[in-house]
Each structure stands twice: as structure tokens, then as C-alpha cells.
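One structure is given below, encoded as C-alpha cells.
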Amino acid sequence: MSSSSRGERREIVRNALIESRLTPNAISLTGFVLCVVAAVLVAERLFFLSGVVFIIGSVCDTLDGRYSRMSGKGSPFGAFLDSTLDRIEEGVVLTTVAAYFAARHNEFAVSACVVAVLASLMVSYTRARAEALGVECKVGIATRAVRVVILSVGLLFAKGAGLADFELLAPAVYVLAGLSTITVLQRIFHVRKALTAPAAL
């Protein structure tokens, strides 16, 4: 297919999106609802189904930004809503995972869930604060996409999830907590270097 044909198809899709009633905020809210459903499924010990729903909800979170740019329907509030819901979604699912470990008297895993939630929030906060200071801050191992993959694998391969006889939920939480903490440190050092570096002459 020629580049001109691809460009024409993108233009047709873009026009169709502009004319539709679908909004980026609707996609963001759909992703949020799906992640809340995933949290409920964790509480019901339906880990595999929870993992599937969590993945779909997270995909919605990646699509809303692209849809916003493609359709031209984005707004400053929409961007704010998207970022806010992203933080809530991750925290809700990890909170129900922590409750699951608490019921099994696995205090170490519960603590790891708390660390994972706090660190994931700080990963986002450090970037937002850095960019408010004029420093681009996308560095670090555990971006949101990486964190979603890690938690999804943990849910899909949790004990009793149905995919073989694995128990990867606890290891996934440990990895998530560790990598998120490292990412926070990476961003702190990155911003420090950027703000203390001598200005170029």
C-alpha cells in the first residue's frame, strides 16, 4: 500500500472519529470502570478473568490519548482526568491484591503491595513535578506500561488462575515494588542532574 493510500485511510478514520459521539473522556472512564471490575474479580479470587479485564482496561488507557490527538477532541481537563484515573486504577487493583494476601496472612506481600502503590504514585508525581520545573522526565525502568505488564502477568498466573500450577502474583508484586522504587530514584537523580548542571555558554 502506498503512503498516499495510507494517508487517505487515516484521514477517513480521523473524519469518522470527529463526527462520532465518542470522546476521549468516555474511553478513560471505560478503562477506569474495567479496572474497578478487575479489582472486584480479584476479591472474588477470579484471578485469570481479573487479569484479562485489567489488560483491556489498561489498553483503553493507552488509546484515549491517541484518540484525543487523532480526533482533535482532547481538552486540558481530559488530560487531567486521564492521568488521575490512571493512578486510581493501579491503586484499586493493588489494594484488593493486598487484601487477598492479608487473608492468607502473608504480611510481606501486603507490605510489598503498599510499597508498589506508593512507588507507582511517586513515579508519576516525580515526572509531573519535574515537567512543572521545565525538565523532561520520562526516564526509568518501570513506566506505566511496564507496571501493567508485570501486574497482568501476576494476575494471569496467580495460584488457581487456571494457567498451569503457577503462583506468580506475589513475585510480580515484589518485582513491581522493587522496580517502581528504583524508577523513583532514577527520576530524582535525573532531575537533580538536570537542575544542577552548569548552563551551557
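Of note:
- Single unsatisfied condition, PHE80 versus (1) open to solvent by 50 Å² or more (accessible area, probe 1.4 Å); (2) in a loop (DSSP other than H, G, I, E, B); (3) farther than 14 Å from THR181 by Cβ: (2)
- Of the residues GLY74, GLY7, GLY57, GLY65, the single one that is at pLDDT 80 or above and either within 13 Å of the chain's Cα centre (by Cα) or open to solvent by less than 50 Å² (accessible area, probe 1.4 Å) (or both) is GLY57.
- Unique match (being under 28 Å from LEU41 (Cβ atoms), in contact with a helix residue (DSSP H, G or I) (Cβ under 7 Å, 6 or more places away or on another chain) and not β-branched (Val, Ile, Thr)) among ARG127, ARG144: ARG144
- In the set (1) surrounded by 17 or more Cβ atoms within 10 Å (Cβ to Cβ); (2) part of a loop (DSSP other than H, G, I, E, B), MET122 fails one condition alone, (2).
- Failed condition for ARG127, given (1) open to solvent by 60 Å² or more (accessible area, probe 1.4 Å); (2) closer than 30 Å to PHE48 by Cα: (2)
- If the condition is being open to solvent by 10 Å² or more (accessible area, probe 1.4 Å) and of a type in the set (A, V, I, L, M, F, W, C), then segment 39-53 contributes VAL40, LEU41, ALA43, LEU46, PHE48, LEU49, VAL52, VAL53.
- Figure legend. Inter-residue proximity from segment 80-97: first residues in contact (Cβ under 8 Å) with a residue 12 or more places away in the chain, second residues buried (at least 21 other Cβ atoms within 10 Å of the Cβ) and basic (Lys, Arg), beta-carbon distance below 7 Å, spacing 6+ or different chains. Indicated pairs: GLU90/ARG147.
The values are calculated or read from the model by the stated rules, or taken from the named source; none is laboratory data. These figures come from a predicted structure and were not determined experimentally. When we count neighbours, we look across all protein chains shown, and the Cβ atoms used for this are built from the backbone with ideal geometry, even at glycine. Just so you know, the surface numbers come from the protein's heavy atoms only, side chains and all, with ligands and any DNA or RNA stripped out. Shrake-Rupley method; radii C 1.70, N 1.55, O 1.52, S 1.80 Å.
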